[in-house]
1. What's the number of the condition Glu240 fails, among (1) of a type outside the set (Gly, Ala, Ser); (2) open to solvent by 20 Å² or more (accessible area, probe 1.4 Å); (3) touching a residue at least 40 places away in the same chain (Cβ under 8 Å)?
2. Just a yes or no: is a residue in the stretch 36-43 more than 9 Å from ligand 2 (Cβ to nearest atom) and hydroxyl-bearing (Ser, Thr, Tyr)?
3. Please tell me if Asp273 is assigned to a loop (DSSP other than H, G, I, E, B), away from ligand 1 (no atom under 16 Å from the Cβ) and closer than 19 Å to Gly234 by Cα.
4. Quick one: in the stretch 30-44, of everything that is at pLDDT below 95 and farther than 22 Å from Gly122 by Cα, which residue is nearest to ligand 1 (Cβ to nearest atom)?
5. Whether any residue in the stretch 82-100 is near ligand 1 (Cβ under 10 Å from one of its atoms), open to solvent by less than 10 Å² (accessible area, probe 1.4 Å) and of a type in the set (A, V, I, L, M, F, W, C) is what I want to check.
6. How many of the residues making up the stretch 173-218 are within 16 Å of His152 (Cβ to Cβ), of a type outside the set (Lys, Arg) and in a helix (DSSP H, G or I)?
7. Out of the stretch 169-206, which residues are open to solvent by less than 10 Å² (accessible area, probe 1.4 Å) and aromatic (Phe, Trp, Tyr)?
8. Within the stretch 104-115, can you find the residues that are open to solvent by 10 Å² or more (accessible area, probe 1.4 Å) and of a type outside the set (Ser, Thr, Tyr)?
Amino acid sequence: MPEILLDDKAYTGADGETVLDTLTRGGATVPSSCRSGVCQTCLMRAVEGSVPAASQKGLKDTLRARGYFLACQCTPTGTLRVERPGAEAGRLAATVRAITPLNREIVSVDLECLDMGDYRAGQFINIFKDDTLSRSYSLASTPGVDPHLTLHVRKVAAGRVSGWIHEALQVGDRVAVSQPLGECFYLPSNPEQPLLLLGTGSGLAPLYGIIRDALHLGHRGPIHLYHGSSHRDGLYLIDELRTLTHEHANVHYHPCVSREEPSGDLRRGRVVDVAVGDLTGLAGWRVFLCGHPDMVQSAKKRLYLAGASLKDMYADAFIRSAA
Ligand SMILES: Cc1cc2nc3c(=O)[nH]c(=O)nc-3n(C[C@H](O)[C@H](O)[C@H](O)COP(=O)(O)OP(=O)(O)OC[C@H]3O[C@@H](n4cnc5c(N)ncnc54)[C@H](O)[C@@H]3O)c2cc1C
Ligand code: FES
């Protein structure tokens, strides 16, 4: 059985068990959130022994070269001596500059992080409640346009981090955050390409960043944004998005509600159904999908069948942390 050595203590792994499971089963405290290889919260460093390549997928080359790996994706075959991440993989200090309600259950949080460096609208950061508890939130801000990093955080019932953000976090507080992560962002490689953005709930966060980033970088092709919620009061930033359509003839905004009769220009139905009904043939479109993992998964299939290419689909599924 593989042995994991951490802080001079040995933890014996079970067959097929990940380093994260072995350590937490043995009582060690290791931060984790998605347990799916997405959020990188469980980053650790192997100082003796080798880790499978799959556990280093998505890491920067510099981290990979130094033996960093994702504990939730690492099923070791031999003994490993591991460490918690050092400063080079480290956390950055940020200050809360504003907290603003966007609707009944979502707040916008503005963070000033002087060391963040370059980021892309639509990437995400991890925000740490304490040394061991963190969650991922997408960036709704656009570099070069917005002065601060902006997150849209939905309050989840009994949510440890979203509840803390909604109830305890104050303007002026200092918090630790990660470097920006993720590949769901706009590249200005083809400014004429039609763009389709689909999101539900706080899945609007990355899309709001991406749409303004694309416009800031001179995108000229049509851009269709479908934002959905079960009810009207789950939608937000409606006026801001309508203003974008007035300022840019290529922007089309479609707010959708799935469980009530729509009023005004609201559309009835799930975002993917409304979009597929509107747009005939998606060959050649670039697609961004953000929000609930089931919505993202089923929309991917529908849009592929409607002609969109998988290589032109960028998705940010808001995977739940393990309870
Ligand atoms: C890449 C990525 C980007 C994300 N971006 C955003 C974002 O921009 N905005 C945002 O609001 N969230 C986002 N999330 C989700 C976020 O990271 C947290 O999972 C969410 O805030 C819940 O964390 P919590 O600690 O409050 O709840 P927890 O304490 O982890 O969970 C409390 C309880 O709620 C359940 N639960 C957890 N998540 C949900 C959920 N989404 N819906 C219903 N029940 C749930 C759990 O199973 C548990 O029973 C993102 C996730 C990922 C992986
Ligand atoms: S990547 Fe391991 S917990 Fe998210």
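The values are calculated or read from the model by the stated rules, or taken from the named source; none is laboratory data. Values in this document were obtained by computation on a predicted structure and should not be read as measured data. Note: ideal-geometry Cβ built from the backbone for every residue, glycine included; neighbour counts use all protein chains shown. Side chains included, ligands, DNA and RNA excluded: accessible areas come from the protein's heavy atoms. Shrake-Rupley method; radii C 1.70, N 1.55, O 1.52, S 1.80 Å.
1. (3)
2. Keep residues of the stretch 36-43 that are more than 9 Å from ligand 2 (Cβ to nearest atom), which gives none.
Checked against the condition, which is being more than 9 Å from ligand 2 (Cβ to nearest atom) and hydroxyl-bearing (Ser, Thr, Tyr), the stretch 36-43 yields no hits at all.
3. The answer is no for Asp273.
4. Across the stretch 30-44, the extreme among qualifying residues is Pro31.
5. No, that holds for no residue.
6. 12
7. Tyr186, the sole residue that qualifies.
8. Applying the first criterion (open to solvent by 10 Å² or more (accessible area, probe 1.4 Å)) to the stretch 104-115 yields 104-105, 107-108, 110, 112-115.
Arg104, Glu105, Val107, Asp110, Glu112, Cys113, Leu114, Asp115, listed by residue number.
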